[in-house]
Amino acid sequence: MARKGWQVGDKVSFINEVGGGVVAELLPRDQVLVLTDDGFEVPYPESALVKVHMGVDEVLGRVTDHQVGMVAANDEREGKVKRKGRRIAPEPPARMAVKRPDPAVMEIDLHLHELVDNERHMAPGDKLEYQIAYFERMLNTAIRDKKRTLIVIHGVGEGKLREEVRKVLQFYEGVRFHDADARRYGNGATEVFLPSSQ
C-alpha cells in the first residue's frame, strides 16, 4: 500500500529531531507509524519526515568481510575441483572455543520491542514508565542474586531512558555505574557495579 510516495518499509529521517526509522504502517489523516532506530513505534505526520534514499555505498556496505571471504573460499574450492576433475572431500569444520557467559554478569535489554508483544496501545509516557519499572525489578533481582555486574541496554535515542535509568541508580547505596564497553554494546548501554561485588 502506497500513499503520496510513502510505503511500508521506506527508510525515513525526522525533520525536526535527530534520528530516523522505517515506515511500519500508513495511518489515516496523513500520519505514518514509524519504527524508530531505537525500537519505538511512533506516529508522525508525513510533513515531519523525509524519505532516505540509499546510496551505492550503503547498498555495497551491506556485504560483510566474512561474506566476501566465504565467496572467495567457495570460488577457490570450485577452481580446485575443475582443475583436478574430481570432487574434493569436504574439510572438517574448524573447532571454535565456546565462550560461556559470566554467571556474575546479568544483561537486560530495555528496548520496548524486547519487553512487550505490542506497544501500539501504549502512550509514550506509559512506555517509559513500563521500561523503568522493568529495570528496577531486574536491578533488585540482580542484587538479590548477588550478581557482580548488570549491563543495561537502553539504546541511544534522545537519551531520556538512559537519564531515567541513571536517576534510579543514584538512589541505590553502593552502586557505581558508567558507560558500558562501546566496542561490545555501542553507545547505548550502562554498566552497573552492584554492592555485592564491592
To make sure I understand the rule: partners must be aspartates and glutamates, Cα under 17 Å from the Cα of residue 127, and not fewer than 8 residues away in the same chain. Which ones qualify?
37, 38, 41, 109, 114, 117, 119, 136, 158, 163, 164
Return the loop-located GluC sites (Glu not before Pro) in region 154-198 (DSSP other than H, G, I, E, B) with at most 11 other Cβ atoms within 10 Å of their own Cβ; answer none if there are none.
173
Taking each pair of distinct Cα atoms in region 105-197 once, what is the resulting Kirkwood hydrodynamic radius in Å?
13.5
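Every number in this text was worked out from the coordinates using simple rules, so none of it is lab data. Only a predicted model underlies this, so the values are computations on that prediction, with no experimental measurement involved. Because the Cβ atoms are built from the backbone with ideal geometry, glycine has one as well, and the counts that use them run over all protein chains shown.
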